[in-house]
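Written out below as structure tokens is the structure these notes cover.
Just so it is clear, none of the values below were taken in a lab; they were calculated from the coordinates. The shown structure was predicted, so the numbers you read here are calculated from the model rather than taken from an experiment. When we count neighbours, we look across all protein chains shown, and the Cβ atoms used for this are built from the backbone with ideal geometry, even at glycine.
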Amino acid sequence: DAGVTQSPTHLIKTRGQQVTLRCSPKSGHDTVSWYQQALGQGPQFIFQYYEEEERQRGNFPDRFSGHQFPNYSSELNVNALLLGDSALYLCASSLRGRSLQETQYFGPGTRLLVL
Amino acid sequence: AQKITQTQPGMFVQEKEAVTLDCTYDTSDPSYGLFWYKQPSSGEMIFLIYQGSYDQQNATEGRYSLNFQKARKSANLVISASQLGDSAMYFCAMREGGNTDKLIFGTGTRLQVFP
């Protein structure tokens, strides 16, 4: 049973550039959430995708956008990169449901460094 | 506003001993779920244990148990019989009821297990 996968594992960009991160959810899951984890901090919720639409969004600017494909995989795009965007970007997948117990399973993350 | 507080930046424990990692939370929603995740240096967040706000008993999963004190709004993680492989960052997270799937994370506690 394949878990959540993310690519690339590491990425180095310069200020002003654009980046695309990719995520494939755990088998059987239909919902993908993205989190940003700055060094020494807990993950911060960016947004969540379900049925190919953004369903919920955290306190992140419009430079952060995403997409979900029919096979449930997802992309996170960040435009006009800033130094402060350097972080570990985590993707989590889950099965859409109203149960509070519905667990989000995380991928290994993509480490983004903006120079 | 919902918030998770982890006041222990770092903890040390000797192998085979038990350790408690503290977590307090703040929410006005009577329906919520509490999660603990382990994050090794590789970056992946590994789900450990879940406690629902209406659960009558404390959750247990193998060597992990949750000391849930609802009136005090605390959900401390207890790891019994610590192993060297338990050395990692540990994050407490909350999901509120209603139409939201996002997890709110604390800042984490770094646990180091020594021989």
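Data for the structure
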{"read-out": "Table column - 3J(HN,Hα) (Hz), the range A:74-79, Karplus curve with 6.51, -1.76, 1.60, x for Gly and Pro", "value": "9, 10, 10, 10, 10, 9"}
{"read-out": "Calculated from backbone phi, Karplus (6.51, -1.76, 1.60) coupling profile of the range B:84-96 in Hz, x at Gly/Pro", "value": "4, x, 7, 5, 4, 8, 10, 10, 9, 9, 10, 10, 8"}
{"read-out": "Spherically averaged projected area of the range B:27-103 from its Cα convex hull (nm²)", "value": "5.6 nm²"}
{"read-out": "Neighbouring partner chain Cβ atoms per residue of A:36-48, average, 10 Å criterion", "value": "4"}
{"read-out": "Over the protein assembly as shown: Rg over Rh, Cα atoms, Kirkwood Rh", "value": "0.97"}
{"read-out": "Per-pair calculated FRET efficiency, R0 = 22 Å: A:Thr5 and A:His67 via Cβ, rounded to 0.05", "value": "0.85"}
{"read-out": "Point-charge dipole on Cβ atoms (K/R +1, D/E -1) for the range A:24-115, about Cα centre, debye to 20", "value": "240 debye"}
{"read-out": "Low-density loop cleavage sites - trypsin sites (Lys or Arg not before Pro) in the range A:43-77, where at most 16 other Cβ are within 10 Å (DSSP)", "value": "A:Arg63"}
{"read-out": "Rg/Rh for chain A, where both radii come from Cα atoms and Rh is the Kirkwood radius", "value": "0.95"}
{"read-out": "Whole-number D in µm² s⁻¹ for the range A:1-52, Kirkwood Cα-pair radius fed into Stokes-Einstein, 37 °C, 0.692 mPa s", "value": "251 µm²/s"}
{"read-out": "Span from the the range B:90-115 Cα centroid across to the the range B:5-56 one, whole angstrom", "value": "5 Å"}
{"read-out": "Karplus-derived 3J(HN,Hα), 6.51/-1.76/1.60, for each residue of the range B:40-54, Hz, glycine and proline x", "value": "x, 4, 5, x, 5, 8, 10, 5, 10, 7, 10, 9, x, 5, 9"}
